[in-house]
């Protein structure tokens with residue numbers, strides 16, 4: 001078990017170095033999130049909404065932009081392995097699909113969380129919203145949703161990697177499956193922004209936890225056959 005975990009740690013280091021060397025995914029995530037947030041802010045400003053209306057639609061805009069930017073950017077996540085036949089080399093070296101999946105899951109989760117935090121900052125400035133009183137709670141929601149998105153997107157990116165239309169195919173497949181994450185994130189963020197805290201007994205944290213578990217189990221079990229196809 002210790003050796004198995006050490007391989008995962010080594011793969012995480014490898015994934016981090018590859019992504020940091022090219023910075024393609026992180027740059028794409030941040031640029032997509034920032035540009036979409038600016039466009040949304042400009043659109044809302046031109047609609048001449050009052051402060052109360054803007055506060056009500058802020059959570060919805062936040063999660064729409066976050067899911068769209070994440071799903072469209074994740075198409076670049078496996079590019080270096082595909083170009084250099086990295087998956088084949090790792091499989092020949094005895095690395096399992098679950099180990100590769102977990103390493104990619106960890107790295108993508110970090111990148112998605114960074115993108116989420118940048119998006120919260122840019123969008124709150126664009127819409128003149130003060131989220132600092134509930135930032136720690138929003139940060140917690142961001143962690144939970146980033147891991148859920150990463151768990152599913154890593155698997156779907158591997159499934160769609162052989163298609164010439166993967167740039168279109170991945171968002172089309174991912175967005176319907178990510179609806180539970182979108183709904184949970186939207187509901188919890190709305191409660192935090194409007195009420196300052198989550199409602200007592202709200203089911204959304206538990207549903208988000210279930211989504212994390214389902215996506216993670218599916219990814220661990222299906223990533224290996226997906227990359228062998």
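Would it be correct to say that residue 196 is free of Cβ contacts under 8 Å to residues at least 60 places away in the same chain and surrounded by fewer than 19 Cβ atoms within 10 Å (Cβ to Cβ)?
Working: free of Cβ contacts under 8 Å to residues at least 60 places away in the same chain: no; surrounded by fewer than 19 Cβ atoms within 10 Å (Cβ to Cβ): yes.
Spelling it out, it is not the case that residue 196 is free of Cβ contacts under 8 Å to residues at least 60 places away in the same chain and surrounded by fewer than 19 Cβ atoms within 10 Å (Cβ to Cβ).
Quick check on the range 58-103: of everything there that is surrounded by fewer than 17 Cβ atoms within 10 Å (Cβ to Cβ), assigned to a loop (DSSP other than H, G, I, E, B) and at negative phi, which residue is modelled with the highest pLDDT?
Result: 96.
Quick one: which of 203, 225 is surrounded by fewer than 16 Cβ atoms within 10 Å (Cβ to Cβ), over 21 Å from the mean Cα position of the chain (by Cα) and free of Cβ contacts under 8 Å to residues at least 60 places away in the same chain? Please lay out each step first, then the result.
Values: 225 fails: free of Cβ contacts under 8 Å to residues at least 60 places away in the same chain.
It is 203.
I'd like to check something: does the range 141-158 contain any residue that is over 22 Å from residue 104 (Cβ atoms) and either surrounded by 20 or more Cβ atoms within 10 Å (Cβ to Cβ) or at pLDDT 85 or above (or both)?
Here is the first cut: in the range 141-158, the ones over 22 Å from residue 104 (Cβ atoms) are 141.
In the following step, the residues that additionally are either surrounded by 20 or more Cβ atoms within 10 Å (Cβ to Cβ) or at pLDDT 85 or above (or both) were identified as 141.
Yes, some residue in the range 141-158 is over 22 Å from residue 104 (Cβ atoms) and either surrounded by 20 or more Cβ atoms within 10 Å (Cβ to Cβ) or at pLDDT 85 or above (or both).
Those residues that are buried (at least 20 other Cβ atoms within 10 Å of the Cβ) and within 23 Å of residue 177 (Cα to Cα), I need them from the range 121-140; list them, please.
138
The values are calculated or read from the model by the stated rules, or taken from the named source; none is laboratory data. Owing to the predicted nature of the structure, the values given are computational and were not obtained by experimental measurement. Every residue, glycine among them, receives a Cβ derived from its backbone with ideal geometry; neighbour counts consider all protein chains shown.
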